[in-house]
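The values are calculated or read from the model by the stated rules, or taken from the named source; none is laboratory data. Bear in mind that the values here come from a model prediction, so they are computed numbers and not experimental data. Every residue, glycine as well, gets a Cβ built from its backbone with ideal geometry; the counts of neighbours run over all protein chains shown.
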Amino acid sequence: MTLASHPGLWLIAAAALLAVLRGRSRAVVALAAPLVALTLAWRLEAGVHLRAGFLGMELAPFAADALSRLFAVIFSLMAFAGALFALNQPRRLELAAAFLYAGAAIGVTLAGDLVTVFVCWEVMAIGSTLVLWSAATPAAYRASMRYLMVHLCGGMLLFIGVAAHVLQTGTTAFQPMALDGPAHALILAAFLVNAGAWPLSAWLPDAYPEASWSGMVFLSAFTTKTAVYVLLRGFPGTEPLIYVGLAMVFYGIVYALLENDMRRILAYSIVNQVGFMVTGIGIGTEMALNGAAAHAFTHILYKALLLMSAGAVLYATGRRKCTELGGLFRTMPLTAACGIVGALAISSFPLTSGFVSKSMIAQAAGDEHLFVVWLLLAAASAGVFLHAGIKFPWFVFFQKDSGLRPPDPGWNMRAAMVLLAAFCIGLGIWYEPLYGLLPYPVDYAPYTGFHVVAQLQLLLFSGLAFFVMLGWLRRTLTITLDTDWLYRALFPRVVALYGAALERALAAGGARAARAGERLGAYFRRLCGPQGALARTWPAGAMGLGVMGMLLALLLSYYLF
Amino acid sequence: MVEHLPALQVVLPLVAAPLIVLARSPRFAWLATTAVSYACLVIAALLATRVATLGAFSYALGSWAPPWGIEYRVDALSAFVLVAVALTASFVAPYARRSIAAELDADRQYLMYAMYCLCLAGLLGITVTGDAFNLFVFLEISSLASYVLIALGRRRQALVAAFQYMLMGTVGATFYVIGVGLLYLVTGTLNLADLAERLRGVEDLRPVLAALAFITVGIGLKLALFPLHQWLPNAYAYAPSMATAFLAATATKVSVYVLLRFYFTVFDPAALFDRLPTRETFLALSVAAMILASLVAVFEREVKRLFAWSSVAQIGYITLGIGLENHAGLTGSIAHLLNHGVTKGAIFLLLGGVALRSGAASISVGSLAGLGRRMPLTAFGLVIAGLSLIGVPGTAGFVTKWFLILGAIEREAWWVVGAILASSLIAVAYVWRLVEAAYLRAGQGTRREAPAGMLAAGLAMAGLCVYFGFFTSINVAGASDAASFLLRGAR
């Protein structure tokens, strides 16, 4: 196999074309490139396909095994579905950026060494920022800047971690790592930033909902799932991940229940679902890892489906808040139906894809006699049904009649939703192909009487609970505070990087922390800002004095030491 | 013929300068300059290959054997710097024709070319010579030429900037010559290799320490070591486009070379780094430059000044490796001589095109609004070079950062690692200001790219930023050899 059979490169090449093409040829490229990538990903053979030397290191930028094939396949499939959905998106940058982003994500999954992982990691950050950016609203622009900063910091952590790892071990190969020192801790932290692990998760619900109606479909698929992939490969069975995962699961549920914006609900739900996968990785048995990988696969499909249905609503109505929506099933029956299929899948309803994947993680917890973990996962499953399974479709498509009468969207958006809905149900019934893709041999039957009955009971009672508690859940217009307040509100005041915007933020604020930050910021502005002590042109005499001072200091230090 | 190449390297541009002055024709001047620049690149490449295969060699000027005569010496480090300088020259020379024609009156254009050739001769001479006093002579040749280059700028501030640079540069050169004088006093020789031998065992003598201080400050001024950098922002900002690009990419780098040469091959590095606070001094000053100068760049409104401040910060990266004093760190430093050269070169070359089309003498960040539509290729090139400045993987800047971080981790200097990362985040902020202006803000004016020759040179250099990010056989292999060479002399 050569570089030409790397599925990610095809997407990146297509991204370059999409940036310039228009009209019919653009549609052809947008749909054909992911199909080529999908074929290549499907036919990937295990082994290292390309070696390269870089900066004196042995790299394997193109390598594959069962795990990477699984992720390459789902990422290519997702790129196709997303491109189909986004065909009528008027902003041309978005699809090009999304393909760059998807190609880099595939690059991560096919990277045999940590340096390639890092490079693709950074390209993903840029690609996804551009996707956000192309929503072209002021809110999206500000969100994309915060998003970029978080991911650049994450990239930095990864950078130092990889450098230290290379120094320590002398190899760049991407192998399972033990949590045995600063190098691997930094790498793990960087992975967790992208996974949206609490408390580093706030960037996700902050940024994703600001993307365009089609952009968020792409965003939901790649960043967190690439993180799941690298955790699967790098840190399987690392125990702290169980607790990190559980924290994510419940964080996602609580915030999603409090939220009013339909797309923020789904964003929190991403954190929640990735939490299931991270928990599985922490458990670390073959069953658990299989479960995490399978759940990543199915989650990409049904979360994309949910976001497409939300995107179609946003596209048709321009509204995002649950309080402003409702009753749309009358005029958008297909969107509503697809949204419900996605909602059932995310709730692991039997005969949907979610059921065949998520139950593996719970089963693994049970097999390992992690009773508390098992119990919490079961409780969380009920919570998922509450916040995503019922809440989203209920408030958007039923509830009250909001008076809106938008039609179903165009053919391509409908086709994309139907395609994913078919996958959600198809994989729930014919799950063997999915199990065949998993990294380890599968010894698990999802449709046993116990599994089905237990899950149905769980769903039934949580469904009951939802309608009983509807009065409390009915959303009002609120803003929910999250840890991103720290860097959305507090941090900027301290760092004082963005001159005028910062001053406005300061005027708006007024907390004591802000005043302290203001002083620090003002100090740096006085020092470095226009006409600051550092920035202004010194008179020649002052320069000369400085030189003499430097000479004296050096002489003194030499003589005294 | 091959054995005369070290001399030819310097003599060619040195002879071209008076010829250009005699001919006075801009066209001849440009042709001669370009031919000389390319010839220098070929010679530098030949010398580098020879050093790589046969090792360092020396050339006795006028057949006077060293240490009595002047020795030209080409080793791994000087070959690398020669290539870096000549490479920049070969991009700047073809660019110069349109740029100079647009910025200078026809009857003064030949001066610019002549000064450029002199400056090139001086820089190459500094690099190739093995004699401390001859080095001073070339330092003065290149400096005097660069004062004139800057003073030829269109705005009246150029005169003040050139004057201040001249004051500081003269102080620097004087300090250097005082330092060399003190060394001569102690050892009785001016040949660098000879000096190194005779200094062993007497490093703790007061005159030697004083010489070290004078040379450090003198060369520190020339290379704009923080806080001796104040002359630099204005000099770069007000010089003609072509001069800014050339000086930013070469002049400070060659001074760094001089510092490396003295620190690692003349003085005893063991004494320098273990008994004196050299390491701490350089780490502290470099980190201060990386952070503070980058912050100034974030607030700066004038684009050329912004990048001049960024240069001060990037010189911090280069001197950081000296403070780290290990193989990875020095490799990063030396590779950055070339990496930053092509990056800043690309930026200033492209900005020259922007200035030409906008017609204004200075470019503010605000006036870049809509550049992405007006000059799409130029804007794209600027973004690429900007990414290299930040150190995004796949660009030359990343290679530097990688080695510096390896070096810092090896020293277990985690605060330095943090500082490198903080500095690159600040670089994101100032590069982003340009991207935002160029692509997000609407501007006026019709679509009109820079003249083809200027655009091609700028884009080619931006291409090099990417090339050196992926194919590191020139920048890293050369720098790694040079670093081994320096450290071998040391321990």
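Scan (1) in contact with a Gly (Cβ under 9 Å, 6 or more places away or on another chain); (2) in a helix (DSSP H, G or I); (3) closer than 23 Å to A:ASN412 by Cβ for the single condition A:ALA72 breaks and write down its number.
(3)
Go over the candidates B:GLU436, B:GLU449, B:GLU412 one by one and state the one that is outside any helix (DSSP H, G or I), surrounded by fewer than 17 Cβ atoms within 10 Å (Cβ to Cβ) and without any contact (Cβ under 8 Å) to a residue 12 or more places away in the chain. Working first, answer last.
Values: B:GLU436 fails: outside any helix (DSSP H, G or I); B:GLU449 fails: without any contact (Cβ under 8 Å) to a residue 12 or more places away in the chain.
It is B:GLU412.
Within the stretch B:156-185, can you find the residues that are aromatic (Phe, Trp, Tyr) and more than 11 Å from every other protein chain (Cβ to nearest Cβ)?
Filtering the stretch B:156-185 down to residues aromatic (Phe, Trp, Tyr) leaves B:163, B:165, B:175-176, B:184.
Result: B:TYR176, B:TYR184.
Which numbered condition in (1) more than 30 Å from B:ALA145 (Cβ to Cβ); (2) out of contact with any Cys (no Cβ under 6 Å at 6 or more places or on another chain); (3) aliphatic (A, V, I, L, M); (4) within 14 Å of chain A (Cβ to nearest Cβ) is the only one that B:LEU295 fails?
For B:LEU295, the exception is condition (2).
Does B:GLY179 satisfy the criteria of being without any contact (Cβ under 8 Å) to a residue 12 or more places away in the chain and either closer than 29 Å to B:PRO269 by Cβ or surrounded by fewer than 24 Cβ atoms within 10 Å (Cβ to Cβ) (or both)?
Details: without any contact (Cβ under 8 Å) to a residue 12 or more places away in the chain: no; either closer than 29 Å to B:PRO269 by Cβ or surrounded by fewer than 24 Cβ atoms within 10 Å (Cβ to Cβ) (or both): yes.
When the stated conditions are applied, B:GLY179 does not pass them.
Which of the numbered conditions does B:ALA196 fail, given that it passes all the others? Conditions: (1) touching a Pro at 6+ places or on another chain (Cβ under 9 Å); (2) surrounded by fewer than 20 Cβ atoms within 10 Å (Cβ to Cβ).
Here B:ALA196 meets the rest and fails (1).
Within the stretch B:408-430, which residues are touching a Gly at 6+ places or on another chain (Cβ under 8 Å) and facing chain A (nearest Cβ under 10 Å)?
Scanning the stretch B:408-430 gives B:ALA408, B:GLU410, B:SER424.
Of all residues in the stretch A:151-209, how many are more than 30 Å from A:ALA140 (Cα to Cα), buried (at least 21 other Cβ atoms within 10 Å of the Cβ) and modelled with pLDDT under 85?
Total satisfying the criteria: 0.
Can you tell me how many residues in the stretch A:257-282 are modelled with pLDDT under 90, in a helix (DSSP H, G or I) and over 16 Å from the mean Cα position of the chain (by Cα)?
Count: 3.
Can you tell me which residues in the stretch A:534-561 are at the interface with another protein chain (Cβ under 7 Å from one of its Cβ atoms) and surrounded by fewer than 13 Cβ atoms within 10 Å (Cβ to Cβ)?
Kept after step one, since they are at the interface with another protein chain (Cβ under 7 Å from one of its Cβ atoms), are these residues of the stretch A:534-561: A:534-535, A:537-538, A:540, A:543-544, A:546-547, A:550-551, A:554-555, A:557-559, A:561.
Of everything in the stretch A:534-561, those that are at the interface with another protein chain (Cβ under 7 Å from one of its Cβ atoms) and surrounded by fewer than 13 Cβ atoms within 10 Å (Cβ to Cβ) turn out to be A:TYR559, A:PHE561.
Among the numbered criteria (1) under 23 Å from the mean Cα position of the chain (by Cα); (2) surrounded by fewer than 24 Cβ atoms within 10 Å (Cβ to Cβ); (3) among the aromatic types (Phe, Trp, Tyr), which one does A:TYR302 miss?
(2)
Can you pull out every residue in the stretch B:47-68 that is in contact (Cβ under 8 Å) with a residue 12 or more places away in the chain, part of a helix (DSSP H, G or I) and under 13 Å from B:PRO6 (Cβ atoms)?
B:LEU47, B:ALA48, B:ARG50, B:VAL51, B:LEU61
Right, B:ALA249: within 14 Å of another protein chain (Cβ to nearest Cβ), at pLDDT 90 or above and over 23 Å from B:ARG206 (Cβ atoms) or not?
Spelling it out, it is not the case that B:ALA249 is within 14 Å of another protein chain (Cβ to nearest Cβ), at pLDDT 90 or above and over 23 Å from B:ARG206 (Cβ atoms).
Look through the stretch B:237-246, keep the residues that are farther than 17 Å from B:LEU167 by Cα and either small (Gly, Ala, Ser) or within 11 Å of chain A (Cβ to nearest Cβ) (or both), and return whichever of them is nearest to the chain's Cα centre (by Cα). Let's see the steps before the verdict.
Step one: filter the stretch B:237-246 for residues farther than 17 Å from B:LEU167 by Cα, giving B:237, B:240-246.
Then drop every residue that is not either small (Gly, Ala, Ser) or within 11 Å of chain A (Cβ to nearest Cβ) (or both), which leaves B:237, B:241, B:243, B:245.
On the way: B:ALA237: 16, B:SER241: 16, B:ALA243: 12, B:ALA245: 10 Å.
Within the stretch B:237-246, the match that is nearest to the chain's Cα centre (by Cα) is B:ALA245.
Check the stretch B:4-22 and report whether any residue there is farther than 30 Å from B:GLY188 by Cα, surrounded by fewer than 24 Cβ atoms within 10 Å (Cβ to Cβ) and of a type in the set (Val, Ile, Thr).
yes
Just to be sure I understand, how many residues within the stretch A:218-256 are surrounded by fewer than 23 Cβ atoms within 10 Å (Cβ to Cβ) and not in a helix (DSSP H, G or I)?
4
Condition check ((1) within 14 Å of chain B (Cβ to nearest Cβ); (2) modelled with pLDDT under 90) across all residues:
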residue: A:PHE71; (1), (2): no, no
residue: A:PHE80; (1), (2): no, no
residue: A:ASN88; (1), (2): no, yes
residue: A:LEU93; (1), (2): yes, yes
residue: A:LEU110; (1), (2): no, no
residue: A:ALA125; (1), (2): yes, no
residue: A:TRP133; (1), (2): yes, yes
residue: A:THR137; (1), (2): yes, yes
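For the stretch B:325-378: of the residues being in a helix (DSSP H, G or I) and among the hydroxyl-bearing types (Ser, Thr, Tyr), which is nearest to B:ASN475 (Cα to Cα)? Give the steps one after another, and end with the answer.
Here is the first cut: in the stretch B:325-378, the ones in a helix (DSSP H, G or I) are B:327-358, B:366-368, B:371-374, B:376-378.
Filter once more, so that each one left must be among the hydroxyl-bearing types (Ser, Thr, Tyr): B:331, B:333, B:343, B:358, B:367, B:378.
Working: B:THR331: 9, B:SER333: 11, B:THR343: 13, B:SER358: 35, B:SER367: 35, B:THR378: 25 Å.
Going through the qualifying residues, I end up with B:THR331.
Among (1) polar (S, T, N, Q); (2) facing chain A (nearest Cβ under 10 Å); (3) surrounded by fewer than 24 Cβ atoms within 10 Å (Cβ to Cβ), which single condition is B:THR278 missing?
Just one mismatch for B:THR278, condition (3).
When you scan the stretch B:206-236, how many residues do you find that are within 10 Å of chain A (Cβ to nearest Cβ) and either of a type outside the set (A, V, I, L, M, F, W, C) or touching a strand residue (DSSP E or B) at 6+ places or on another chain (Cβ under 6 Å) (or both)?
Residues in the stretch B:206-236 being within 10 Å of chain A (Cβ to nearest Cβ) and either of a type outside the set (A, V, I, L, M, F, W, C) or touching a strand residue (DSSP E or B) at 6+ places or on another chain (Cβ under 6 Å) (or both): 9 in total.
For the stretch B:111-132, indicate whether the set of residues that are crowded, with 22+ Cβ neighbours inside 10 Å, away from chain A (no Cβ under 14 Å), touching a strand residue (DSSP E or B) at 6+ places or on another chain (Cβ under 9 Å) and over 14 Å from B:SER255 (Cα atoms) is non-empty.
The answer is yes; a qualifying residue exists.
Condition first: within 14 Å of chain A (Cβ to nearest Cβ) and out of contact with any helix residue (DSSP H, G or I) (no Cβ under 7 Å at 6 or more places or on another chain). Now tell me which residues in the stretch B:433-471 satisfy that.
Passing the criteria: B:ARG433, B:GLU436, B:LEU440, B:ARG441, B:ALA442, B:TYR467, B:PHE470, B:PHE471.
Specify the residue that is farthest from B:PHE57 (Cα to Cα); the eligible residues are those in the stretch B:1-22 that are more than 25 Å from the chain's Cα centre (by Cα) and without any contact (Cβ under 8 Å) to a residue 40 or more places away in the chain.
Here the residue is B:LEU22.
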